[in-house]
Amino acid sequence: MKVESEGRIQKALSGFYYVNTGGEILTCRARGKFRREGISPLVGDRVEVRELGNGEGVVETILPRRNAFARPAVANIDQLVVIASGAIPRTDPFLIDRVASIAALKDCDVVVLLNKCDLDRADDLYAIYTAAGFPTLRVSAETGEGIEELKPLIAGKLSAFTGNSGVGKSSILNALDPEFHIQVGDVSQALGRGRHTTRHVELFRLSCGADVVDSPGFSSFETDELNLELKHHLPETFVEFRPYLDQCRFVGCSHTKEKGCAVLEAVRDGTIQKSRHASYIRLYEELKPLQDWQEKKR
């Protein structure tokens, strides 16, 4: 007897989708229609599956998504947890702002974690991101500072943890749940993961009730997500710019150098942090060469 169930894709590997229905994890193939329509089921997708028995099934329908990312290939992320540091390696605010901008475009919240605060309190980064309105926590994977305060911010949500190399992403996840590294280690061993082995995407449940996707660092967001859609909506993705966007003297203001620009005035009076506007300028210049015809080729 074939049974219809609903669940979430926990892992995708070699054409198989592992769907958690709440009662079991079904090993599923996807219907051929998805390939014909150019659609791929993604880790994080809510799906309807047809159970075939013996723990197997078929993905029949992908339910509406909140968002989807190209790399890591994942859907329905509630928030990006961006890990930064004032110690070595010191994080360039532009890296945080780049990810935060993409997150805003994807209807995705952002939490900023300042790790290694036992070595450096990262006062400048703390000031920038609290002023910009982001939940910002000082944490230390080494001493445990801030870890308990982090748990309610991620409980009940699907979060992707990301950060520049060496900033302590894995250490924070292990501090949140000591079982996490065991889960990831088991997967690594099973896949024979080496330095250059392609990593699949998988969701993990932490003991605090949070779901996390173990995503790559900032570099994965630099190409696929920096596209024309971001170019056309860049000012709105800087959340603290939004109250000023309709107050500029000229329609179509780029908020870079125009007279009568309300955003620039807010930067001058300190309402908007100078480093945030500097990141906006860098992204604006990076995206400016993109033309509409290029999007059609993608």
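So which residue, out of H277, H233, H200, gets the largest mean-square fluctuation from a GNM of the chain using Cα contacts under 10 Å as springs?
H233
Please compute the per residue accessible area over the chain with all protein chains in place, 1.4 Å probe, rounded to a whole number of Å².
50 Å²
Report the per residue volume, in Å³, of the convex hull enclosing the C-alpha atoms of the chain.
Here the figure is 149 Å³ per residue.
Tell me, for the chain, which Cys residues have no other cysteine's C-beta sitting closer than 4.7 Å.
Result for the chain is C28, C108, C117, C208, C261, no neighbouring Cys Cβ within the cutoff.
Across every pair of different alpha-carbon atoms, what Kirkwood hydrodynamic radius in Å does the stretch 111-152 reach?
Taking every pair of different Cα atoms in the stretch 111-152, averaging 1/r and inverting gives 10.3 Å.
Calculate, in nm to one decimal, what E6 and L63 gain on full extension: separation in residues at 0.36 nm each, minus their alpha carbon distance. Walk me through the intermediate numbers first.
Numbers: separation 57, 0.36 × 57 = 20.52 nm, distance 0.94 nm.
Gain in length upon complete extension: 19.6 nm.
Which residue fluctuates the most in the chain, going by a Gaussian network model with Cα springs under 10 Å, if the choices are D211, D269, D107?
For the chain, modelled as a Gaussian network with Cα springs under 10 Å, the answer is D269.
Can you give the calculated 222 nm mean residue ellipticity of the chain, where each DSSP H run of n ≥ 4 adds -39,500 (n - 2.57) and the sum is split over every residue, rounded to the nearest 500 deg cm²/dmol?
-9000 deg cm²/dmol
How many nm is it between the label spots at L287 and K151, if each spot is 7 Å from the Cα in line with the beta carbon?
Modelled inter-label distance: 3.8 nm.
Largest first and in whole Å, what are the equivalent-ellipsoid semi-axes of the stretch 13-167 based on the Cα gyration tensor, each being the root of 5 times an eigenvalue?
Semi-axes from the Cα gyration tensor: 37, 17, 13 Å.
In a GNM of the chain with a 10 Å cut-off on Cα contacts, which of V81, V212, V251 has the highest mean-square fluctuation?
V251
Give the carbon-plus-sulfur fraction of the accessible surface of the chain in %, rounded to a whole number; probe 1.4 Å, heavy atoms of protein chains only.
49 percent
Classify the stretch 7-58 as rounded, prolate or oblate from the Cα gyration tensor: take a ≥ b ≥ c as the square roots of its eigenvalues, call it rounded if a/c is under 1.5, otherwise prolate when a/b beats b/c and oblate if not.
prolate
Quick one: 3J(HN,Hα) in Hz for the stretch 117-127, Karplus 6.51/-1.76/1.60 with θ = phi - 60°, rounded, Gly and Pro as x.
Those phi angles translate into 5, 6, 9, 8, 6, 6, 4, 5, 5, 4, 5 Hz.
Taking the radius of gyration and the Kirkwood hydrodynamic radius from Cα positions alone, what is the Rg/Rh ratio for the stretch 29-110, to two decimal places?
A ratio of 1.15.
The values are calculated or read from the model by the stated rules, or taken from the named source; none is laboratory data. Predicted model only: the values in this text are computed from it and were never measured. Positions of Cβ are backbone-derived with ideal geometry, glycine not excepted, and every protein chain shown enters the neighbour counts. Just the protein is used for accessible areas: all its heavy atoms, side chains included, with ligands, DNA and RNA removed. Shrake-Rupley method; radii C 1.70, N 1.55, O 1.52, S 1.80 Å.
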